[in-house]
Amino acid sequence: MTAVFQHGWGAELLGMEPAGAIESWMPLFVLVILFGLSMDYHVFVVSRIREAHERGLATRDAIREGIRTTAGSVTGAATIMVAVFAVFALLRMQDMQQMGVGLAVAVLVDATLVRMVLLPSVMALLGERNWYLPRALRWLPSIDHGEEPVERPRPPLVGAGR
């Protein structure tokens, strides 16, 4: 938003006039809206990863499976949101233009870099620690999706059967 509306970079290409400033409430508004939108599909993605892990897949395989199974839905939703916000950028009111550009770019970055790069990378680095629940929070109920978790085979005990 700063590049387009304060510095004027690409403003003519987008059919806008550089305002010299961004509305004071706009960054907070864009952040709040983006947080709500992105949390929705990040919970969706992480839920699929958790389900795959509970079915017995290793963490890295569960990440691959979760990203693969949600890619179409999340990409489709993000494309629709970017298109809708881009329409706001075409309106004549500068507030709407700022909101449209800010939200369209933010959703695009969040749906691509955050979902496809940062989320899987951080989860892969954390490994099994993704599923750690501190002792103080163990009172929380365990929520499942109606499927029974698969028992993971345990390695045989050393010296068993003697």
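The values are calculated or read from the model by the stated rules, or taken from the named source; none is laboratory data. All values reported here derive from a predicted model rather than from experimental measurement. FYI the Cβ positions are ideal-geometry reconstructions off the backbone, even for glycines, and counts take in every protein chain you see. For the accessible areas, the whole protein counts, side chains as well, though only heavy atoms, and no ligand, DNA or RNA atoms are used. Shrake-Rupley method; radii C 1.70, N 1.55, O 1.52, S 1.80 Å.
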Within the range 72-126, how many residues turn out to be acidic (D, E) and either surrounded by fewer than 19 Cβ atoms within 10 Å (Cβ to Cβ) or without any contact (Cβ under 8 Å) to a residue 24 or more places away in the chain (or both)? 1
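Mind listing just one residue for me: the one in the range 51-65 that is surrounded by 17 or more Cβ atoms within 10 Å (Cβ to Cβ) and in contact (Cβ under 8 Å) with a residue 12 or more places away in the chain and, of those, farthest from the chain's Cα centre (by Cα)?
In the first step, residues of the range 51-65 are kept if they are surrounded by 17 or more Cβ atoms within 10 Å (Cβ to Cβ); the result is 51-54, 57, 59, 62-63, 65.
Keeping just the survivors that are in contact (Cβ under 8 Å) with a residue 12 or more places away in the chain gives 51-54, 59, 62-63, 65.
Values: E51: 17, A52: 18, H53: 19, E54: 21, T59: 18, A62: 17, I63: 14, E65: 16 Å.
That would be E54.
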Starting from residues that are free of Cβ contacts under 8 Å to residues at least 40 places away in the same chain and either among the polar types (S, T, N, Q) or not in a helix (DSSP H, G or I) (or both), keep the ones in the range 18-32 and report whichever is surrounded by the most Cβ atoms within 10 Å (Cβ to Cβ). P18
Among the numbered criteria (1) in a helix (DSSP H, G or I); (2) open to solvent by 50 Å² or more (accessible area, probe 1.4 Å); (3) at pLDDT below 90, which single criterion is violated by Y41? (2)
For the range 104-121, indicate whether the set of residues that are more than 19 Å from D40 (Cβ to Cβ) and modelled with pLDDT of 95 or more is non-empty. yes
Of the numbered conditions (1) assigned to a helix (DSSP H, G or I); (2) within 30 Å of L125 (Cα to Cα); (3) of a type in the set (A, V, I, L, M), V87 fails exactly one; give the number of that condition. (2)
Quick test of your reading of the structure: M96 fulfils all but one of (1) assigned to a helix (DSSP H, G or I); (2) at pLDDT below 90; (3) in contact with a Gly (Cβ under 9 Å, 6 or more places away or on another chain). Name the failing condition by number. (3)
